[in-house]
Amino acid sequence: MNCWKNNFNEKTLKQGIKYKNDVENIAYDGYAFNATVKSKFDVELILQDNLLYDMNCNCSKKSSCAHEAGLLYFLEEFPEILEDYAEETDFEKISDIDINGDLKVISESKLKKFLKKEFRKNPKLKYNFIKHFSSESLIDTKAYERKLKQILRNGGKEFGYYKLHNMRTPLKNFIKKDIYTLIQQNEFELAFKLLNNIMDHFIDPIYWSDDAWYEIAYYYREYVTFLLRHGKFRKEEESHVKKNVDKINDIVF
Ligand SMILES: [Zn+2]
């Protein structure tokens with residue numbers, strides 16, 4: 001794969017270097033490499049014994065264009081792509097292997113390293129991954145809900161009402177640390193839900209005589225006001241929160 005540059009003139013090579021970052025959708029069908037360059041040009045490379053045999057692009061240039069050079073530069077930078085495709089793989093056999101055991105012993109850092117490598121080779125996979133995890137958060141929602149329940153339970157109840165003063169510190173920390181971190185991670189929905197979960201427990205006037213309530217109400221108001229401005233929530237949720245905030249404003253601020 002070393003001599004391919006001879007097929008291109010200086011100017012095209014310079015442009016090709018720039019295009020190597022715009023290579024997407026690499027696929028190999030056992031005969032040719034196909035890729036999209038700059039989102040609109042379909043480039044095809046035919047390699048034989050690791051030598052460039054032929055190439056095509058659907059742009060207006062008849063031969064040796066910068067898109068082809070871009071893909072070649074890209075492959076030069078990530079030679080493992082060629083190596084991997086060159087390996088004969090028996091997919092039928094692999095599909096029968098149960099990978100659950102293997103997955104258990106792989107460390108997170110190794111997994112991340114592997115994913116990064118695969119993403120370079122396969123932008124489609126990268127796209128699917130991002131799409132999947134942007135709608136399905138990586139955050140363990142249940143763990144946060146459990147923690148909040150635990151705090152409420154540990155604080156205890158009296159005559160059917162929570163002993164707010166008992167849980168003052170853990171509850172404040174939960175809001176100021178856990179929920180704050182969620183907001184920083186753009187986990188707005190969960191933060192919103194947890195904040196309301198807390199306030200719905202303590203909106204009753206019976207709690208207003210407790211100092212702790214004013215602290216909790218202060219952070220609640222701060223955070224939900226931010227969330228209402230930056231997140232998207234269901235209409236009824238929003239109006240519910242606005243009512244809570246109005247109530248707090250009437251009482252305290
Ligand atoms: Zn082209």
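What the table below lists for this structure:
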quantity: Complete set of residues in the stretch 49-67 that are away from the ligand (no atom under 13 Å from the Cβ) and assigned to a strand (DSSP E or B); calculated: 51, 52, 53, 54
quantity: Pair list, Cβ < 6 Å and 6+ apart or interchain, from the stretch 68-97 residues that are within 16 Å of the ligand (Cβ to nearest atom) to residues that are modelled with pLDDT of 85 or more and of a type in the set (Lys, Arg); calculated: 70/20; 73/20; 74/20
quantity: The stretch 153-180 residues that are surrounded by 13 or more Cβ atoms within 10 Å (Cβ to Cβ), paired with ones that are of a type in the set (S, T, N, Q) (beta carbon under 8 Å, 6 or more apart); calculated: 155/166; 166/154; 167/154; 170/154
quantity: Considering residues of the stretch 80-110 that are more than 17 Å from residue 29 (Cβ to Cβ), assigned to a helix (DSSP H, G or I) and small (Gly, Ala, Ser) only, the residue modelled with the highest pLDDT; calculated: 109
quantity: Qualifying residue in the stretch 111-133 (condition: among the hydrophobic types (A, V, I, L, M, F, W, C), exposed (fewer than 11 other Cβ atoms within 10 Å of the Cβ), under 24 Å from the mean Cα position of the chain (by Cα) and assigned to a helix (DSSP H, G or I)); calculated: yes
quantity: Of all residues making up the stretch 198-238, the number that are assigned to a helix (DSSP H, G or I) and either surrounded by fewer than 18 Cβ atoms within 10 Å (Cβ to Cβ) or of a type in the set (Ser, Thr, Tyr) (or both); calculated: 24
quantity: Residue 25 at positive phi and touching a residue at least 12 places away in the same chain (Cβ under 8 Å); calculated: yes
quantity: Filtered residues of the stretch 9-41 (kept if among the aromatic types (Phe, Trp, Tyr), under 18 Å from residue 124 (Cβ atoms) and out of contact with any helix residue (DSSP H, G or I) (no Cβ under 6 Å at 6 or more places or on another chain)); calculated: 33
quantity: Test for residue 151: is it under 24 Å from the mean Cα position of the chain (by Cα), at pLDDT 95 or above and under 17 Å from residue 202 (Cβ atoms); calculated: no
quantity: Qualifying positions in the stretch 9-34 - of a type in the set (Val, Ile, Thr) and within 15 Å of the ligand (Cβ to nearest atom); calculated: 12, 17, 23
quantity: Hits in the stretch 35-48 - residues which are within 15 Å of the ligand (Cβ to nearest atom), buried (at least 16 other Cβ atoms within 10 Å of the Cβ) and part of a strand (DSSP E or B); calculated: 35, 36, 37, 41, 43, 44, 45
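The values are calculated or read from the model by the stated rules, or taken from the named source; none is laboratory data. Given the structure is predicted, the values throughout are model-derived calculations rather than measurements. Heads up, the Cβs are rebuilt from the backbone with ideal geometry, glycines too, and the neighbour counts pull from every protein chain shown.
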